[in-house]
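Report on one structure; see the data block that follows.
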Amino acid sequence: MDKNNNIGFVNLNNKAELAGRICSEIVANTAIDECVCLHFTVECPRISKINDYINVLVPTEKAFNLSLSNGAFVRINGQFRSYNNSSGIGSRLILALFADDIVLLDEKAYTESGQCNSVFLKGNICKPVIYRKTPLGREISDILLAVSRSNYRSDYIPTILWGVNAKASELLEVGCKIEVSGRMQSREYTKSTDGGDVIRRAYEISASKFSNIYIS
């Protein structure tokens, strides 16, 4: 096993699975400090018919025998990770599903398999929890979760909780260790720049379950 990129290592703190359609060109990404990866976007529908668009990084050796292309259906197991963006373009934090395993599906197999977008994270709260209510009165909390890897690094994953889970998380402090499970999601927002308003895409975990393990 490569100690630098952890290929083949199962991180029990971070497990994710996604099935969907590749909806972008596939490019080689050498900027990631892990290894040379294929970089593309996967479109995954929600029950509400809204689509999430998730960044995917596949180490080239994992895709050696696969004919990946724009429009292909895939199922991916891996880890939802964060990377620093040093390009100066877009968000300073890149969030992506790092593939430990990827398989091609035909459209029939993909349709019959049903929707697949799940993630489990175990980590420490590293910024004060922001609890608020939406204009419609729905409770929500924003958490930044630090999830350890095996190489003494951490991924920093924005996570949102809803309803009673949001209310229960309101009093959690920085350093609390929690587990969350839910799905990877994307959302578009408008950012004002010197050149005018631009549409950007943010990524986060929408957690349906969480538990407080202990306060470290």
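Values quoted throughout were computed directly from the atomic coordinates according to the rules given, and no laboratory measurement underlies them. All of these numbers come straight from a predicted model, not from anything done at the bench. Here Cβ is always computed from backbone atoms with ideal geometry, including for glycine, and neighbour counts include all displayed protein chains.
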Kirkwood Rh and Cα-based Rg: tell me the resulting Rg over Rh for segment 14-117, rounded to two decimals. 0.96
Enumerate the whole-percent occupancy of each 10 Å bin, from 0 to the last occupied one, for all C-alpha pair distances of segment 119-215. 16, 44, 28, 11, 1
Tell me, in nm to one decimal, what length is gained between Ser192 and Ile50 on full extension, where the rule is 0.36 nm per residue of separation less the Cα-Cα distance? 48.6 nm
GNM, the chain, Cα, under 10 Å: largest mean-square fluctuation among Phe40, Phe80, Phe64? Phe64
How many percent of Cα pairs in the chain exceed 25 Å? 41
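Can you give the FRET efficiency for Ile213 and Glu43, using 1/(1 + (r/R0)^6), R0 = 30 Å, r = Cβ-Cβ distance, to the nearest 0.05? Display every interim value, and only then the final one.
Numbers: r = 34 Å, r/R0 = 1.13.
E(calc), rounded to 0.05, equals 0.30.
When only C-alpha pairs under 8 Å and at least 6 residues apart count, what is the relative contact order of the chain, in percent? Let's see the in-between values first.
Working: 507 pairs, mean separation 39.3, N = 216.
Over the chain, the number comes to 18 percent.
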For the pair Ser69 and Lys133, how long in nm is the line joining their label points, each one 7 Å along Cα→Cβ? 5.4
Inter-label distance, nm, simple model (7 Å from Cα along the C-beta direction), Cys126/Val27: 2.6
